[in-house]
Amino acid sequence: MSNNRWANEHLKTVNKHIADLSTDFSDGIRLIALVEVLAGKKIGTYNKRPKVRAQKIENVNIAIQFLKNEEKVRIVNIGE
C-alpha cells in the first residue's frame, strides 16, 4: 500500500485527503489531522488557515512536538 493510500485511509475519517505527501503536509493542517486520528487525541491550538511560511512551519512543529511529548515517539533526523 502506498504512503498516500495509507494516510488517506486514516484521513477519510475526518474528510481530508492528500495527493502528494511533500506538498499536502507542508502547511501542517493535514499532518495535524493525521496525527490526531492516529493518536485518538486533539492536538489543541494551531493555525487553521496558515497564510505565511512561519505559520505553516509552526503547524508542522506543533505536530512533531505532540508526537515527541505526548505520544513519546522518538523523532530522529528531523530538524527545524
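The values are calculated or read from the model by the stated rules, or taken from the named source; none is laboratory data. Quick caveat: nothing in here was measured; it's all calculated off a predicted structure. Don't worry about glycine lacking a Cβ; one is built from the backbone with ideal geometry, like all the others, and counts go over all protein chains shown. In case anyone asks, the SASA skips ligands and DNA or RNA and just uses the protein heavy atoms, side chains included. Shrake-Rupley method; radii C 1.70, N 1.55, O 1.52, S 1.80 Å.
For this structure, a couple of remarks:
- Residues that are in contact with a Leu (Cβ under 7 Å, 6 or more places away or on another chain) and among the hydrophobic types (A, V, I, L, M, F, W, C) were ranked within segment 19-36; the one that is nearest to residue 63 (Cα to Cα) is 35.
- Residue match in segment 51-66 (condition: touching a Phe, Trp or Tyr at 6+ places or on another chain (Cβ under 8 Å) and acidic (Asp, Glu)): yes
- Residue within segment 42-55 that is farther than 19 Å from residue 6 by Cα, touching a helix residue (DSSP H, G or I) at 6+ places or on another chain (Cβ under 9 Å) and of a type in the set (Ser, Thr, Tyr) present: yes
- Close Cβ contacts (under 7 Å, 6 or more residues apart or on different chains) running from residues in segment 13-27 that are within 17 Å of residue 47 (Cβ to Cβ) to residues that are open to solvent by 60 Å² or more (accessible area, probe 1.4 Å) and not in a loop (DSSP other than H, G, I, E, B) comprise 16/30; 24/30; 26/56; 27/56.
- A single member of 39, 54, 63, 33 is over 11 Å from the mean Cα position of the chain (by Cα), aliphatic (A, V, I, L, M) and either under 23 Å from residue 9 (Cα atoms) or open to solvent by less than 50 Å² (accessible area, probe 1.4 Å) (or both), and it is 39.
- Number of the exception - residue 13 against (1) open to solvent by 40 Å² or more (accessible area, probe 1.4 Å); (2) out of contact with any helix residue (DSSP H, G or I) (no Cβ under 7 Å at 6 or more places or on another chain): (2)
- For the condition of a type in the set (Gly, Ala, Ser) and in contact (Cβ under 8 Å) with a residue 12 or more places away in the chain, residue 39 qualifies.
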